[in-house]
Amino acid sequence: IVFQHIPSRAIVENYIQETWRVLRSGALFVFQVQGHSIPESTLNTWVGVGFRRDEMVDIAHRNRFVIREMTGEGTQYFWLAFTKP
């Protein structure tokens, strides 16, 4: 799932929460976010809002996911793999 074009942090986190809700235990959730530091105020649906590694770690923990992999931090292609325990 690609979230890199969504210009709102709250919406991206809401999608992550919803994914937790529908996944079975042990399921793998792989997705992409914008990894460049782009402020939410730009409201650009092509570029989206950017996330740093520490922000994605916080989001994973708040939503009870276990982080399996994070690659491409600081790039347009910041891929994440979370598991639902």
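The values are calculated or read from the model by the stated rules, or taken from the named source; none is laboratory data. Keep in mind the model is a prediction, meaning the values are calculated, not measured. With ideal geometry, Cβ positions are generated from the backbone for all residues, glycine too; neighbour counts draw on all protein chains shown. Areas reflect the complete protein model, heavy atoms only, side chains present, ligands, DNA and RNA absent. Shrake-Rupley method; radii C 1.70, N 1.55, O 1.52, S 1.80 Å.
Right, S37: exposed (fewer than 12 other Cβ atoms within 10 Å of the Cβ), at pLDDT below 95 and in a helix (DSSP H, G or I) or not?
Numbers: exposed (fewer than 12 other Cβ atoms within 10 Å of the Cβ): yes; at pLDDT below 95: yes; in a helix (DSSP H, G or I): no.
Spelling it out, it is not the case that S37 is exposed (fewer than 12 other Cβ atoms within 10 Å of the Cβ), at pLDDT below 95 and in a helix (DSSP H, G or I).
The selection criterion, being within 14 Å of I1 (Cβ to Cβ) and modelled with pLDDT under 95, holds for Y77.
Can you confirm whether E55 is open to solvent by 50 Å² or more (accessible area, probe 1.4 Å) and among the charged types (D, E, K, R)? No; evaluated as a whole, the condition is false for this residue. For segment 1-34, what are the residues that are closer than 15 Å to E73 by Cα, at pLDDT below 95 and open to solvent by 20 Å² or more (accessible area, probe 1.4 Å)? V2 - this is the single residue of segment 1-34 that is closer than 15 Å to E73 by Cα, at pLDDT below 95 and open to solvent by 20 Å² or more (accessible area, probe 1.4 Å).
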